[in-house]
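Reading through the structure tokens given below for one structure.
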């Protein structure tokens, strides 16, 4: 059994990818060709990207009706940074379990730019044992450069087969995204069903915010199952309270959905964003900022840069949902309290806040939430963020002046 793997960001998958996969499958007599959408790269955490789920959907559409083609979403689903050696190990385990008596030869397709640097890939020596590489030369690439890089890969111990084909389609994903952003036709650039998917889901429309459904798809990939369920609960509760208190329900829902969007960032992602905890102390060593509140600040960055949100009320709500802030707007108040009262929060701690919200209103509930949070943080022996105290004192003053909402 001979299996080929063609990986890529596939943002979007296009006619050039499909033609290359078909020709390579035929040229090397492969029984199967696996299309492998890449996971979301760490360095693009604060950039507009297409959620992995959408890229997988488009790849599956492109593979429809093509004999021996399969789409594998393991790298999209895998948490943390993805390495090819891990993917090939996983494939070997699957093949040995499913086809114990059949020898499988695995061929991994790489471009000219990648083949010369294979020796730098993680666990290169182990990687070389797991597959043979097919070095695909793109139309117009320099023959000497191609040959030099293939020779370098072979010298490092890699098994490399060469594939040269001049009638491949040279298509740029960047150009496709640019065309889609302007509403231009994608005919001949991507398969017809992929073009329909792009238009239907308004992908690459960078002049507008990412749709709610695509935000959900992205969050479901990046957050733990518990955090994602909580985010959906906060969105639902925020919309309910928005209706109750006369706020914009759609904005409340969006802010609630995004409030924890930065909750599960890795250190590598924070490093790429150039975010450090001390950046938010503003020169005051006693402000009490700690790691538990950082995701509010970083969440605002992601809401703007990753999801294209520009509404100041939504951004305020995301930024201050952990500690609150004096004189925050009604949407920020609603998201702050929804974090405590959404339906998945269980226990006496949350029930007390729900009761206060029901009996005395949102400002009274905010005051109680600040008091209870302060007691919890103090009990842990941690520094208490000064904004929790400032928010608490603001709520006390509002209540003193009869400002029940």
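Just so you know, all these numbers are worked out from the coordinates, no wet-lab data involved. These numbers were taken from a predicted model, which means no experiment stands behind them. Methodologically, a virtual Cβ is constructed for each residue, glycine included, from the backbone with ideal geometry; neighbour enumeration extends over all protein chains shown.
Data for the structure
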{"read-out": "For segment 111-244, diffusion coefficient by Stokes-Einstein and Kirkwood Rh (Cα), 25 °C, 0.890 mPa s, µm²/s", "value": "127"}
{"read-out": "Descending Cα extents along the principal axes, segment 191-292, whole Å", "value": "57, 40, 29"}
{"read-out": "Spin-label proximity, residue 89 to segment 26-53 - amide N less than 18 Å from point 7 Å beyond Cα toward beta carbon", "value": "39"}
{"read-out": "Residue 383-residue 358 FRET efficiency (beta carbon distance; Förster radius 30 Å; 0.05 resolution)", "value": "0.40"}
{"read-out": "Length-normalised contact order of the chain in % [C-alpha pairs under 8 Å, at least 6 apart]", "value": "14"}
{"read-out": "Packing rank of 328-338, 372-382, 247-257, 120-130, where each peptide gets the mean count of other beta carbons within 10 Å, highest leading", "value": "328-338, 247-257, 120-130, 372-382"}
{"read-out": "Sequence ranges 311-317, 102-108, 192-198, 396-402, ranked by mean other-Cβ count within 10 angstrom, highest first", "value": "311-317, 192-198, 102-108, 396-402"}
{"read-out": "Rg followed by Dmax, in Å, when segment 2-200 is reduced to its Cα trace", "value": "16.8, 53"}
{"read-out": "Between helix 348-360 and the chain: long-axis angle, C-alpha atoms, 0 to 90°, nearest 10", "value": "60"}
{"read-out": "Zero-based 10 Å bins, Cα pair distances in the chain, whole percents", "value": "4, 19, 25, 20, 14, 11, 5, 1"}
{"read-out": "Shape metrics for segment 72-168, restricted to C-alpha atoms - Rg then Dmax, Å", "value": "14.7, 43"}
{"read-out": "Between helix 330-341 and the chain: long-axis angle, C-alpha atoms, 0 to 90°, nearest 10", "value": "80"}
{"read-out": "Radius of gyration and Dmax over the Cα atoms of segment 253-352, both given in Å", "value": "13.9, 40"}
{"read-out": "Using alpha-carbon coordinates, inclination of helix 84-98 to the longest axis of the chain, degrees", "value": "70"}
{"read-out": "In Å, descending, principal axis extents of the Cα set of segment 223-400", "value": "45, 35, 29"}
